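The values are calculated or read from the model by the stated rules, or taken from the named source; none is laboratory data. From a predicted model like this one, the values you see are computed outputs, not experimental measurements. Positions of Cβ are generated from backbone atoms using ideal geometry, with glycine treated the same way; all protein chains shown enter the neighbour counts.
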Amino acid sequence: MELYLIRHGIAVERGIYAQDCDRPLTEKGRDRTHRVAQRLAQLGLHLDLILTSPFLRAHQTAEILYDTGLGETLEVSELLEPDSSLVPWLRWLDNWPLRPGGCLALVGHEPNWSDWTEQLIFGEPSGHLRVKKAGVVGLSLPEQVSPLNNSELFWLAPPRLLL
């Protein structure tokens, strides 16, 4: 299975909104995210599911991906909120009706994506990886064993490489 971890686009600065979950994408963030989504579509990416954090900036990013035609379905999951743990999401994944060769995108936040990437590849986070805003990580997850410490990185792209 292919898993894409996509970080939300550029959002309004912290402190402008009373709640962090209410921060939207900026105009630049929407534009850059739209261009990244178009490039992913040109590369032939097709997602069975886009699963997004409920935070506004992530949800707006996921909607741009969906509206570009990258995914069949868009769903919101509290499992992808900032500072969430990988383990509950892995339990969710065990119950997801995956078809062979399936492709899933998670839209969320840092430091989750860098930590989750390192955990899926190496078994624990080391703090050596950072995913840029509107950046994309591509991982191959094994089908017969736990993806934790058994996944393979095939793509790490900041938005500037996709634009």
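A few remarks follow.
- Some residue of segment 4-13 being small (G, A, S), in a loop (DSSP other than H, G, I, E, B) and closer than 14 Å to V107 by Cα: yes
- Within segment 43-61, the residues that satisfy the criterion of being outside any loop (DSSP other than H, G, I, E, B), out of contact with any Gly (no Cβ under 8 Å at 6 or more places or on another chain) and hydrophobic (A, V, I, L, M, F, W, C) are L51, L56.
- Residues (touching an Asp or Glu at 6+ places or on another chain (Cβ under 9 Å) and outside any helix (DSSP H, G or I)) located in segment 74-95: L74, P82, S84
- Neighbours by Cβ (under 6 Å, 6+ apart or cross-chain): first from segment 113-142, without any contact (Cβ under 8 Å) to a residue 12 or more places away in the chain; second in a loop (DSSP other than H, G, I, E, B) and of a type in the set (S, T, Y): E118/S126
- Subset of segment 49-77 (residues that are surrounded by fewer than 19 Cβ atoms within 10 Å (Cβ to Cβ) and among the charged types (D, E, K, R)): E63, D67, E72, E75
- Residue satisfying all of: in segment 12-48; small (G, A, S) and modelled with pLDDT of 95 or more; surrounded by the most Cβ atoms within 10 Å (Cβ to Cβ) among these: A37
- Failed item, numbered, when E124 is tested on (1) under 15 Å from the mean Cα position of the chain (by Cα); (2) surrounded by fewer than 23 Cβ atoms within 10 Å (Cβ to Cβ): (1)
Here's the yes/no breakdown for (1) in a strand (DSSP E or B); (2) at pLDDT below 95:
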{"site": "D115", "(1), (2)": "no, no"}
{"site": "L120", "(1), (2)": "no, no"}
{"site": "L148", "(1), (2)": "no, yes"}
{"site": "W155", "(1), (2)": "yes, no"}
{"site": "R160", "(1), (2)": "no, yes"}
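- Evaluation of A37 against (1) outside any loop (DSSP other than H, G, I, E, B); (2) over 13 Å from the mean Cα position of the chain (by Cα) (one fails), failing number: (2)
- Any hit, segment 91-98, residues being modelled with pLDDT of 95 or more, within 13 Å of E2 (Cβ to Cβ) and not hydroxyl-bearing (S, T, Y): no
- Entry remark, segment 143-163: residues being closer than 17 Å to L93 by Cα, touching a residue at least 60 places away in the same chain (Cβ under 8 Å) and surrounded by fewer than 19 Cβ atoms within 10 Å (Cβ to Cβ) number 2 in total.
- Put simply, of Q144, Q119 the only residue that is closer than 21 Å to A58 by Cβ, out of contact with any Asp or Glu (no Cβ under 9 Å at 6 or more places or on another chain) and among the polar types (S, T, N, Q) is Q119.
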